Amino acid sequence: MVEKILFLTGSLAEKQLHRVLREMASEAFEWRVHNLGLKVAALMTADMIKRRLNEVDDAQRILVPGRCRGDLEELSHHFGIPVERGPEELMDLPRFFGYEGKAPDLDNYDVRIFAEIVDAPNLIIEEILQQAAAYAADGADVIDLGCLPDTPFPHLADSVRALKAAGYQVSVDSMQSEELLIGGEAGADFLLSLHETNLWIADKVVSRPVLIPAKPGDLDSLQRAMRRLDAEGRGYIADPILDPIHFGFTESIVRYQRLRSDHPDTEIMMGVGNITELTEADTTGINAVMMGIISELHITNILTTQVSPHCRSAVREADAARRIMYWARQQNSLPKQVGNRLTGLHETKPYPYTFTQISELAADIRDPNFRIQVSDKGIHLYNRDGLITHDDPFDFYPQLGVEEDGGHAFYLGVELARAQIAHQLGKRYVQDQPLGWGSALAEVEQDMNRQQEPGTTMKKTSRVGKTS
């Protein structure tokens with residue numbers, strides 16, 4: 001039986017919603033569009049729907065605009081059928097219904113992230129716990145305490161115990177056998193890193209060792225240490241060590257491939273920080289490519305750091321990359337059109353509306369409030385007085401008439417600057433919303449059950465523009 005869906009919208013989007021639904025030509029559902037009696041669909045609220053929607057007829061589901069605020073669960077109870085939010089842009093409806101590929105499930109992954117606190121000896125325990133909380137919020141699974149050469153770490157054991165008491169998995173990373181032993185005895189889950197000459201530490205503690213070559217590039221010594229622990233029935237993680245670009249990077253990738261080929265079931269770690277930290281490039285792309293290699297080789301542990309300023313979001317990016325690559329591998333698919341968490345600067349579909357469609361919207365406007373949209377043709381600003389298109393926000397100012405309205409001028413300046421950045425980089429722009437930067441910035445949870453608070457300029461003047 002074909003599902004019957006009622007789409008709620010406003011007058012400005014009504015014609016385009018009809019067009020999009022007709023173009024979808026769906027056989028999976030029947031549709032009906034209802035204009036709720038407001039111009040801007042994004043301003044729709046649950047309370048408004050409850051007041052204005054009297055009949056749902058034979059609809060089996062109600063779809064409201066993605067920016068609709070309010071308690072939809074209560075609305076579902078009121079109408080007796082599910083009420084759901086659709087996409088934020090109606091042009092994304094085909095993807096929402098699976099016509100451009102089903103939206104991926106990115107809840108799953110198989111890579112454990114070790115996030116290193118590189119200067120742990122120089123931090124007090126409270127600071128270590130704060131950094132651990134930040135890493136965990138970004139997706140880290142293990143908090144790695146990085147010990148520093150020739151730097152005392154008298155509170156190492158106490159730091160391990162404090163992290164364990166707070167519920168974290170902990171690893172201790174040191175070149176000193178004494179520090180590794182202290183960390184293991186204090187209850188560390190993992191020790192980085194052991195090799196064939198200090199493997200005796202593994203006999204003293206229950207911590208899981210991460211094995212490395214006894215000297216750089218010596219894969220044979222790593223495999224000897226692996227064979228010894230295999231003979232003892234002891235679990236471990238092997239790390240052939242990833243080298244920086246121009247200092248053995250390609251050869252080190254070959255070592256990982258060889259190790260995986262020779263040991264198909266061995267758990268492996270890769271320290272991606274030697275590439276992200278030591279390459280002056282945006283780390284989202286680096287993490288995407290490195291996680292692709294990691295996914296192909298079925299490496300299930302990475303060590304990452306956030307030392308250099310350009311690596312400040314490395315943990316979040318690694319978390320996004322591991323989910324995207326896992327999904328793509330499970331689907332036997334390219335890691336493409338999976339999500340925008342790794343496209344911080346550019347987006348695959350930056351302009352949901354063409355200039356022609358924006359012009360049609362502008363022609364229906366009958367009020368003085370300014371709307372701003374972006375297409376490949378430029379930045380478009382319109383109200384009842386017409387449509388203006390420029391590339392530079394300064395070119396708009398002489399035509400706006402806001403010289404005596406400081407709040408309105410400030411608001412338009414901010415929005416036009418955002419629009420310019422979106423147009424220059426090829427990003428999605430939505431009026432009154434901050435630009436998206438993928439994993440480069442932490443996602444801000446929005447409570448869609450509450451009405452959005454008015455901005456500062458809106459409290460002082462009623463002329464500030466609204467979204468369309």
* So, with +1 on the Cβ of K and R and -1 on the Cβ of D and E, and no other charges, what is the size of the charge dipole of region 171-215 about its Cα centre, to the nearest 20 debye? -> 120
* Asked: If you rank Asp319, Asp230 by how much accessible surface each has, with a 1.4 Å probe, what is the order from largest down?
  -> Asp230, Asp319
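How big is the dipole moment of the chain about its Cα centre under a simple scheme where the beta carbon of each Lys and Arg is +1, that of each Asp and Glu is -1, and everything else is neutral? Debye, nearest 20, please.
1300
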* To do: Quote to one decimal, in nm, the extra length available between Thr197 and Glu443 on full extension: 0.36 nm per residue of separation minus the C-alpha distance between them.
  => 84.1 nm
* Just name one of Thr197, Pro104, Gly292: the one whose Cα is farthest towards the positive end of the charge dipole of the chain (beta-carbon charges, Lys/Arg +1, Asp/Glu -1). => Pro104
* How many nm is it between the label spots at Lys377 and Asp47, if each spot is 7 Å from the Cα in line with the beta carbon? -> 3.9
* Binned Cα-Cα distances of region 267-358, short to long, each 10 Å bin given as a whole percent -> 16, 44, 27, 9, 4, 0
* Asked: Of the accessible area of the chain, with the probe set at 1.4 angstrom, what percent is carbon plus sulfur?
  -> 50
* Asked: Using a 1.4 Å probe, what is the accessible area per residue for the chain, in Å²?
  -> 49
* Tell me what the chain gives for mean residue ellipticity at 222 nm when only DSSP H runs of n ≥ 4 count, each as -39,500 (n - 2.57), the sum divided by the residue total, rounded to 500 deg cm²/dmol. => -10500 deg cm²/dmol
* Compute the FRET efficiency between Glu185 and Phe29 as 1/(1 + (r/R0)^6), taking r as their Cβ-Cβ distance and R0 = 56 Å, and round to the nearest 0.05. => 0.35
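Kirkwood hydrodynamic radius of region 1-110 from all distinct Cα pairs, in Å?
This gives a value of 14.6 Å.
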* Overall form of region 85-148 per C-alpha gyration tensor (a/c, 1.5; a/b vs b/c) -> prolate
* Global geometry of region 158-268, whether rounded, prolate or oblate, following the gyration tensor of its Cα atoms and the 1.5 cut on a/c -> prolate
* Structure fact -> Residue separation between Arg366 and Lys4 times 0.36 nm, minus their alpha-carbon distance, gives in nm 127.0 nm
* Among the listed pairs Lys4/Lys50; Lys164/Lys215; Lys50/Lys427, give every one whose C-alpha distance is greater than 25 Å. => Lys164/Lys215; Lys50/Lys427
* Report the relative contact order of the chain, percent, no decimals, based on alpha-carbon pairs under 8 angstrom and at least 6 residues apart. => 12
* Asked: What base-10 log of the normalised intensity I(q)/I(0) is obtained for region 231-276 from the Debye formula, alpha carbons as equal point scatterers, at q = 0.33 Å⁻¹?
  -> -1.21
* To do: Have a look at the DSSP beta bridges in the chain and tell me what percent are antiparallel, nearest 5.
  => 20
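Given the convex hull over the Cα atoms of region 296-335, what projected area results after averaging over all orientations, in nm²? Kindly include the intermediate steps, with their values, before the conclusion.
On the way: hull surface 12.8 nm².
Mean shadow area of the hull around the Cα atoms is 3.2 nm².
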* Residues in region 36-64 that a label on Glu73 would reach, taking backbone N under 20 Å of a point 7 Å out along Cα→Cβ -> 45-50, 61-64
* **Simple spin-label estimate for Ala166 and Arg227 in nanometres, 7 Å along Cα-Cβ** => 4.3
* What does the highest-first list of 85-94, 140-149 look like by mean Cβ count within 10 Å? -> 140-149, 85-94
* What translational diffusion coefficient, in µm²/s and rounded to a whole number, does the Stokes-Einstein relation yield for region 99-232 at 4 °C and a viscosity of 1.567 mPa s, taking the hydrodynamic radius as the Kirkwood radius over Cα pairs? -> 81
* Roughly how many nanometres apart are two label points built 7 Å out from the Cα toward the Cβ at Arg258 and His310? -> 3.1
* Asked: When the dipole is taken about the Cα centre of region 107-203, and only Lys, Arg (+1) and Asp, Glu (-1) are charged at their Cβ, what size is it in debye, to the nearest 20?
  -> 200
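The values are calculated or read from the model by the stated rules, or taken from the named source; none is laboratory data. None of the values given here were measured: they were computed from a predicted structure. FYI the Cβ positions are ideal-geometry reconstructions off the backbone, even for glycines, and counts take in every protein chain you see. When the accessible area is computed, the model is the full protein with side chains, heavy atoms only, and any ligands, DNA or RNA have been set aside. Shrake-Rupley method; radii C 1.70, N 1.55, O 1.52, S 1.80 Å.
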